[in-house]
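J.: My structure is below; once you've seen it, I'll send some questions.
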Amino acid sequence: MAVAGVLASVLIGKLVYWQLVEHQKISLLAARQHQVTFKLPAQRGRIFDRNGQLLASDTPVANVVADPSLIVQSARPHVASALSPLLGVSAPDILKQLSMPLKFEYLKKKVAKDTADRIAALHLPGIALEDDSRRSYLADADPNNPAVSQSLAGNLLGFVNDSGGGQYGLEQYYDTMLRGRDGYESTLKTGANETIVLSDVQKVLPKDGTSLQLGLDSQVQFFAEKALAEGVKKTGAESGSVIIMEPSTGNIVAWADYPTFDANNFGATDPKLFTDPIVSGLYEPGSVMKVVTLSGGLEDGAITPDYTFNETGSVSVGGYSIQDWDHKAHGTINMTRVLALSLNAGAVKVEQMEGPDNFYKFLDAFGIGKLTGIDLAGEVSQPLKPLRSYYPSELATTAFGQGVAVTPIEMISAINTVANGGRFVRPRAVASEILADGSRKDLPVDLGSPVLGPTAENDMRQMMINVVEHGSGWTVKMDGWQNQIAGKTGTANIPEGGKYTDKVISSFVGFMPANNPRFTMLVIMRKPQGDSLAQEGTFTAAPVWKNIAQQILVQWQVTP
């Protein structure tokens, strides 16, 4: 009985050993040999326009995976030959991958669903498909080549690279929110390529990303892209940009650059086109800055619209002579005409009447030299120097937009302050977030910072209307909209090598209807061709502005 008890104890011990200890070793060995962990991809959040039009979404694709250990050597040439025409990879290259001493080898990523289905139907040993996705963007005809499709709002949206990371624009700024969190599942592969789910390994489900709804109107975006492309080609400009925003909310209605890129084919794009000049390109804005200068003068009481003085066509500051663009003396003139005729000497007069402290204060209040805080990747700014560091001549040229650098989004945000009743509002691309469960979160509207009181704001509005009715903005006038368009032209010589050249950046900024604005729009043309008059914002940017504005009025059914 004692011997039997000892034997029983030994047998029980052996049984425990094989069940517990050796089982763990065998399980680990099996897992090392044939365990494959498959990603369960999260659905990246979608992007919609203001009307629910889908702008960006994930398209199902698959990654083709091989486990060479499950493919006998004699079968590898057949597997390689079968996959070659489907993957667009030579059979010898695939055979080389199948000969690698690995248990998990990607043969090709991001394979289209129909191709993946054809591969699955072959039932090849050691070959599996891993679910994945590719980002797809709403496309329309390329304005430069109608036979070719191009994604809409490429610079605003950005794109998702082959590794699943957001690049540029919204895709980069909101990448963490959009991408969600991938899950995973571990499986065993048999010699017959059958899948066995490991019951002792927890399956982690993916968490889908948050979707975004923008303030963008895709129809207006299309109009803007088309009109801008036509304008750039017509004027021989190097490039151009259009930004349209909603005055009271800061919502971006349209955002166009030309030339641009196709987000559906970003790999074939010159990388220089990925950088968006609207947020990342500093430039000297020229005479549109006079709106800021004269607004400050109105608010602090230094001037009124009817304040008159003798305008001689030039002014001397710190030993420098500053000339009007037309090199003419205009005699006794009021401030309304200074803005309408875009006179540099008049802008300097206002800056001097305000004094350095007040002038500098209003530059800051209008957001000059500061980031706007827009929810897009890559925004830059050039901070203003401390006031004590400015020479009098530098403050004078800043008054008419030379010697000061801004981004287009910075400039339109400043001018939009007038359209928005004197309050500076932060521009934004995203209006709402839509969670994976379908619940919606409307983002609060920035109420803005007060910059101008009602009197100064109304005076500037009327002065900008006068620019269109009786000044340099006459090319945007429309039948039936008399005294309902407020705007300002700008033309700034481009500095190169420490000197100003004869190359210019021309622009037009404005809002309408003037007494109840629905949109503020800035059009910029870089290095248009022609003589000095033909390069002016009046003849380059303003016609593009008018073209787009007319389309918006029809699309939104806005009447006088």
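Coordinate-derived values only; no laboratory data. The shown structure was predicted, so the numbers you read here are calculated from the model rather than taken from an experiment. Glycine gets a Cβ as well: all are built from the backbone with ideal geometry, and neighbour counts include every protein chain shown.
J.: Considering the options 397, 485, 222, tell which one lies farthest towards the positive end of the dipole of the chain, charges being +1 on Lys and Arg and -1 on Asp and Glu at the Cβ, about the Cα centre.
T.: 222
J.: Which order do 481, 556 fall in if you start with the one that has the fewest other Cβ atoms within 10 Å?
T.: 556, 481
J.: Using Cβ counts within 10 Å as a stand-in for footprinting exposure, how do 258, 390 rank, fewest first?
T.: 390, 258
J.: For the chain, what does the relative contact order come out to in percent, with C-alpha contacts under 8 Å and a separation of six or more?
T.: About 14 percent, as a whole number.
J.: Name the aspartates and glutamates eligible as straight-distance cross-link partners of residue 499: C-alpha to C-alpha under 19 Å, and not fewer than 8 places from it in the same chain.
T.: Hits, sequence-local ones excluded: 284, 324, 394.
J.: Please name whichever of 204, 553, 333 sits farthest to the positive end of the charge dipole of the chain, dipole taken about the Cα centre and charges placed at Cβ: Lys and Arg +1, Asp and Glu -1.
T.: Value computed over the given set: 204.
J.: Another question, then. Taking only C-alpha pairs under 8 Å that are 6+ residues apart, what is the relative contact order of segment 423-515 in percent?
T.: After rounding, I find 20 percent.
J.: Based on alpha-carbon centroids, what's the gap between segment 225-302 and segment 61-96 in Å, whole number please?
T.: The two parts, judged by their Cα centres, are 49 Å apart.
J.: Under a straight-distance cross-link criterion of Cα-Cα below 24 Å, which lysines are reachable from residue 113, leaving out those fewer than 8 residues away in the same chain?
T.: By straight Cα distance, residue 113 reaches 39, 189, 207.
J.: Give, rounded to the nearest 20 debye, the magnitude of the charge dipole that segment 41-214 has about its Cα centre when Lys and Arg contribute +1 at Cβ and Asp and Glu contribute -1 at Cβ.
T.: 140 debye
J.: Can you tell me which of 58-65, 153-160, 213-220, 73-80 comes out highest on packing, and rank the rest after it, using the mean Cβ neighbours within 10 Å?
T.: 153-160, 213-220, 58-65, 73-80
J.: Do any of 328/361; 272/527; 349/527; 370/527; 226/441; 234/290 go past 22 Å between their Cα atoms, and which?
T.: Violating the 22 Å Cα-Cα cut-off are 328/361; 349/527; 370/527; 226/441; 234/290.
J.: Give me 376, 341 ranked fewest to most by other Cβ atoms within 10 Å of their Cβ, as a rough exposure proxy.
T.: Placing the least packed residue first, the sequence is 341, 376.
J.: Run through the DSSP bridge list for the chain and note the antiparallel percent, rounded to the nearest 5.
T.: Given both bridge residues lie in the chain, the antiparallel proportion sits at roughly 95 percent.
J.: Straight-line reach from residue 109: which aspartates and glutamates have a Cα under 20 Å away, not including same-chain ones fewer than 8 places off?
T.: Qualifying aspartates and glutamates at Cα under 20 Å: 58, 67, 93, 117, 130, 131, 132, 162, 182, 185.
J.: From the residues 111, 267, 421, which one has its Cα farthest along the dipole of the chain in the positive direction, the dipole being from +1 and -1 charges on Cβ of Lys/Arg and Asp/Glu about the Cα centre?
T.: 111
J.: Please say if segment 41-214 is rounded, prolate or oblate, where rounded means a/c under 1.5 for a ≥ b ≥ c the square roots of the C-alpha gyration tensor eigenvalues, and otherwise the choice is prolate for a/b larger than b/c and oblate otherwise?
T.: oblate
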